[in-house]
Amino acid sequence: MIETIGYAAKAEKDKLKSFAFQRRELNDNDVLIEIKYCGVCHSDIHQVNNDWGGSLYPMVPGHEIVGIVKKVGSNVNLYKEGDTVGVGCLVDSCQECDSCKEDLEQYCEKGGIGTYNSKEYDGKTLTQGGYSSCIVVREEFVLRIPENLDLMAAAPLLCAGVTTYSPIKHWKMKAGDRLGVVGLGGLGHMAIKLAKAMSIHITLFTTSPEKVEDAKKLGADEVVLSKNKDEMEKMANKLDFIIDTVAAIHDINSLQLCLKRDGKMIMVGLPDKPYPDVMISNIIFKRKTLAGSLIGGIKETQEMLDFCGEHDIVCEIEKINIEDINQAYERTIKGDVKYRFVIDMASLKKG
Ligand code: NAP
Ligand code: ZN
């Protein structure tokens, strides 16, 4: 077994603390990665707090992992020691069902195995995530990070990047289409950067007046303060698509009114409760679609990383040491992060 150190929550809503555990020895198709940086996704906070139910403890969160290959199993072909790689939200799937065969492992019909907060297919071993010194992953779930990208700033691409890239691709958004992005956080700022690189027209909806200038610098063509009724009314029937990244219950009915006929609203933000008063009439009249989207498959994640390499796209990040993680969670909940915390794992070794 491989001795590993990390930070874990031992129970629901617990503060994260230093935690020693073991990773499996390498199977023939496994890669051992020394973790250099790990992004802090709002999903980590939801899962530590058991917002969605079913959380498993002790839990080492983290699914925006980048690092260096330290060792490979005897059948590994794609990677070698020294390669710069990443791991996102998934570490295994059945590889046999229709979804897996279509490179949509995130929708695996047997249930994909999450990087943390999952049980392996043996039914007992808990997966543990990237707030840790190393990880062992089968090679099919390892991603290659383009060399021109800053490694630390590339980490959040593994979740925030692909979660916003996937709906852009699936719904075939193209240059000149009008896209609304709701919420300027980790996911929202990546939606803007990716859509901008595809010449999609972007309207950002934010609740934070202090983010307006940043949003424009990041690439938003216009910014709407979603709590301002007049500004919202002016947007009626203007958009082809909306990607909603908000982590809490909010007024999605007024957002739907901003879509044109046949417009599509794609939910990626996942609050802890169901939406109480969704106005179905908003989608019936004008034939609109209310949809959802979950991260992205492995092939699509690599495609997104390569796209970011070609277009020099990385995330806006604030580097933290692992001992600051609990404070970072509090700040993320308050929306006080520009625009993703990334943990420098070197701080783990010092601690
Ligand atoms: P984040 O960095 O905290 O950003 C969320 C943003 O939502 C905030 O910055 C804020 O933007 C806005 N917001 C927060 N509370 C709000 C409220 N009460 N009303 C209106 N707006 C509010 O979070 P994230 O990491 O981007 O994640 C966002 C959500 O996506 C989370 O629920 C996460 O679990 C989920 N997620 C889903 C997937 C998927 O596969 N579907 C993948 C990753 C994450 P403004 O200040 O601009 O209003
Ligand atoms: Zn995530």
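The values are calculated or read from the model by the stated rules, or taken from the named source; none is laboratory data. Just so we're clear, the structure is a prediction, and the values are computed from it rather than from any experiment. Please note: Cβ atoms are built from the backbone with ideal geometry, for glycine as well, and neighbour counts cover all protein chains shown. Accessible surface is based on the protein model in full, side chains and every heavy atom, while ligands, DNA and RNA are left aside. Shrake-Rupley method; radii C 1.70, N 1.55, O 1.52, S 1.80 Å.
Mean residue ellipticity, 222 nm, helices only, the chain: the sum of -39500 (n - 2.57) across DSSP H runs of n ≥ 4, divided by residue count and rounded to 500, is -6500 deg cm²/dmol.
Normalising the average separation of contacting C-alpha pairs (under 8 angstrom, six or more residues apart) by the number of residues puts the relative contact order of the chain at 18 percent.
Provide the per residue accessible area, probe 1.4 Å, for the range 1-80, rounded to a whole number of square angstrom.
45
The GluC sites (Glu not before Pro) of the range 18-72 meeting both criteria, a DSSP state outside H, G, I, E and B (loop) and at most 14 other C-beta atoms within 10 angstrom of the site's C-beta, are 25.
Amide H contacts of residue 293: 267, each under 5 Å away and 5 or more positions distant or on a separate chain (H built 1.01 Å from N in the peptide plane; Pro and chain starts excluded). Using the Cβ-Cβ distance between residue 212 and residue 237 with R0 set to 22 Å, the FRET efficiency from 1/(1 + (r/R0)^6) comes to roughly 0.45.
Listed values for the range 75-86 are Karplus-derived 3J(HN,Hα) couplings in whole Hz (6.51 cos²θ - 1.76 cosθ + 1.60, θ = phi - 60°), namely 9, 7, 10, 7, 10, 9, 3, x, 5, 8, 9, x, and x replaces Gly and Pro.
Here the range 136-192 and the range 236-296 have alpha carbon centers that stand 20 Å from each other. The solvent-accessible area of residue 281, taken with every protein chain present and a 1.4 Å probe, is close to 50 Å².
For the chain, which DSSP H helices look membrane-span-like by this rule: Cα extent along the axis of 15 Å or more and mean Kyte-Doolittle of at least 0.5?
Flagged H segments are 186-197.
Using only alpha carbons, the chain has a radius of gyration to Kirkwood radius ratio (Rg to Rh) of 0.97. Estimated from the Cβ-Cβ distance and a Förster radius of 56 angstrom, the FRET efficiency linking residue 261 and residue 144 is about 0.85. Here is the list for the range 267-304: trypsin sites (Lys or Arg not before Pro) lying in DSSP coil, each with at most 13 other C-beta atoms within 10 angstrom of its C-beta, are 287.
Accessible surface for the range 161-292, divided over its residues, is 46 Å² per residue with a 1.4 Å probe.
Sequence-ordered 3J(HN,Hα) estimates for the range 126-137 from the Karplus curve with 6.51, -1.76 and 1.60 and θ = phi - 60° stand at 7, 7, 10, x, x, 7, 7, 6, 7, 8, 10, 9 Hz, glycine and proline given as x.
Per-atom-type breakdown for the chain gives carbon and sulfur 50% of the accessible area (1.4 Å probe, protein chains only).
Which pairs break 22 Å Cα to Cα here: 211/319; 36/349; 13/193? Too far apart for the 22 Å limit: 13/193.
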